[in-house]
Amino acid sequence: MASVAGVSRATVSRVINGVPTVDPEIVEIVSRAIDETGYVPNLAARSLVTRRTGSVALVVSEPPEQRSPLPFLERLFTDPYVGRVTAGAQTVLRPRDIHLAIIPADPPAHDQVVRYVRQGHVDGVLLITSSSADPLPARLAALSVPLVLSTHTTLPGVAWVDLDQAAGGRLAAEHLAGSGRTRLAMVAGPDDAPFGHARLQGFLAGVRAVGLERPEVVTADFTRPGGEAAARALLAARPDVDGVFAANDLMADGVSTALRAAGRDVPRDVAVVGFDDSSVAAQAHPPLTTVRQPVEDMAAAMARLLLDALRQAEEPGGSETFVPELVVRASG
């Protein structure tokens with residue numbers, strides 16, 4: 001193939017491996033020769049030289065304490081969040097011919113995941129975790145493999161991407177109060193979910209700032225059935241509630257369903273606000289007002305941080321915080 005392109009084998013290697021210092025005209029010549037000859041690199045041989053697999057793992061970690069009666073894999077593949085993360089990461093990885101391996105990791109599989117990464121099957125890890133008690137981030141951080149988390153972390157040398165979660169909670173409070181709602185409540189996430197806790201604290205701060213009484217708060221497990229059960233508990237504790245903020249769209253949809261089943265019109269009697277702006281929000285009945293989390297952009301940022309670390313052959317250490325926005329629809 002080098003002879004067809006009229007260049008040396010070393011130059012062909014540099015083009016195939018994406019070395020940025022190669023002259024663009026040479027890249028074009030070699031690319032045409034690759035197309036003409038149908039050349040396919042020997043990935044096994046290439047990995048021996050580069051010590052790279054051309055793959056990264058997207059690990060979705062389950063907290064050690066199960067918080068939902070639904071099986072982990074059922075929740076994993078029905079939650080739009082994971083699909084959005086995958087899509088966002090792929091926009092960065094796919095053009096670079098890097099394969100994304102999606103690895104579910106409930107607690108029984110944690111040891112297996114650590115072994116898989118330690119044995120060099122992937123070049124780096126994008127890790128989704130929702131619990132401050134999850135031991136997997138620290139275990140993966142101890143390996144000599146670049147790691148990027150989907151939430152703020154204080155682990156040394158570990159990059160992360162997050163949203164200003166508390167600002168999102170404040171947006172929800174300001175919106176509900178601004179639309180004339182005065183008897184507010186929140187369906188919060190589990191206590192050990194840092195992003196859920198931040199959304200709750202932001203909502204409480206927003207409610208205080210507008211001079212309303214402390215809202216009723218119940219917790220649920222980020223699922224639709226969890227939101228329905230929480231709404232029933234809210235109505236029992238605060239039957240005059242007129243505005244509810246739920247910590248994600250799945251729970252908000254469950255809240256809306258339970259309210260309507262109890263004879264409450266949404267939004268005339270009770271306004272409902274979700275969080276994420278996932279496909280659930282647009283498809284709900286009525287469509288949900290929600291705090292938008294740009295998940296695809298955040299996942300792309302995670303992938304870029306990981307690639308930066310791979311290019312520099314060192315652990316990542318950067319971080320990026322995104323800003324939430326309110327998306328107003330028919331639920332209040």
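Accessible area per residue was computed with a 1.4 Å probe on protein heavy atoms; TYR116 scores about 80 Å².
Net length available on complete extension from LEU143 to ARG115 is 9.1 nm, with 0.36 nm assigned per residue and the Cα-Cα distance removed. Note on the chain: Cα-only Rg and Dmax are 23.6, 80 Å. Calculated accessible area for the stretch 264-324 comes out at 41 Å² per residue, all protein chains present (probe 1.4 Å; ligands, DNA, RNA ignored). For the stretch 241-324, the set of trypsin sites (Lys or Arg not before Pro) satisfying both a DSSP loop assignment and a count of at most 11 other C-beta atoms within 10 Å is given as ARG268. Here the dipole of the stretch 239-299 is about 200 debye; that uses its Cα centre as origin and unit charges on the Cβ of Lys and Arg (positive) and Asp and Glu (negative).
With the highest mean first, a sort of the peptides 249-258, 102-111 on other beta-carbon atoms found within 10 angstrom per residue produces 249-258, 102-111. Across the stretch 233-248, computed HN-Hα scalar couplings (Karplus, 6.51 cos²θ - 1.76 cosθ + 1.60, θ = phi - 60°) run 5, 4, 5, 5, 7, 9, x, 8, 4, 10, x, 10, 10, 10, 6, 7 Hz from first to last residue, x flagging Gly and Pro. Close amide H pairs (under 5 Å, H built 1.01 Å from N) link PHE322 with ASP162, LEU163, ASP164, residues at least 5 positions away or on another chain. Counting only DSSP beta bridges whose two residues both lie in the chain, roughly 10 percent are antiparallel.
Within the accessible surface of the chain, defined with a 1.4 Å probe on protein heavy atoms only, the carbon and sulfur portion equals 52 percent. Taking packing as the residue-averaged number of other Cβ atoms within 10 angstrom, the listed peptides 149-159, 123-133, 218-228, 270-280 run from highest to lowest as 270-280, 218-228, 123-133, 149-159. Alpha-carbon geometry of the stretch 80-179: the Rg and the Dmax are 16.3, 56 Å, given in that order. Couplings 3J(HN,Hα) for the stretch 111-123, derived from phi with the Karplus relation 6.51 cos²θ - 1.76 cosθ + 1.60 (θ = phi - 60°), are 4, 5, 5, 4, 4, 4, 6, 4, 6, x, 6, 9, 8 Hz, where x marks Gly and Pro.
DSSP bridge analysis restricted to the stretch 204-332 gives an antiparallel fraction near 30%, rounded to the nearest 5. Each peptide among 84-93, 181-190, 21-30 gets the average number of other Cβ atoms lying within 10 Å of its residues, and from highest to lowest they stand as 181-190, 84-93, 21-30. Using C-alpha pairs under 8 Å with a sequence gap of at least 6, the mean separation divided by the residue count of the chain gives a relative contact order of 18 percent. For HIS285 and ARG214, the FRET efficiency from 1/(1 + (r/R0)^6), where r spans their Cβ atoms and R0 equals 41 Å, is about 0.85.
Starting from the 7 Å offset along Cα-to-Cβ, what nm value, one decimal, do you get for the label separation of THR78 and ASP269? Taking the simple label geometry, THR78 and ASP269 are separated by 2.6 nm.
The values are calculated or read from the model by the stated rules, or taken from the named source; none is laboratory data. Note that the coordinates shown come from a computational prediction; the quantities given were computed from them, not determined experimentally. For neighbour counting, all protein chains shown are included, and Cβ atoms are generated from backbone atoms with ideal geometry for every residue, glycine included. Note: areas computed on protein heavy atoms with side chains; ligands, DNA, RNA excluded. Shrake-Rupley method; radii C 1.70, N 1.55, O 1.52, S 1.80 Å.
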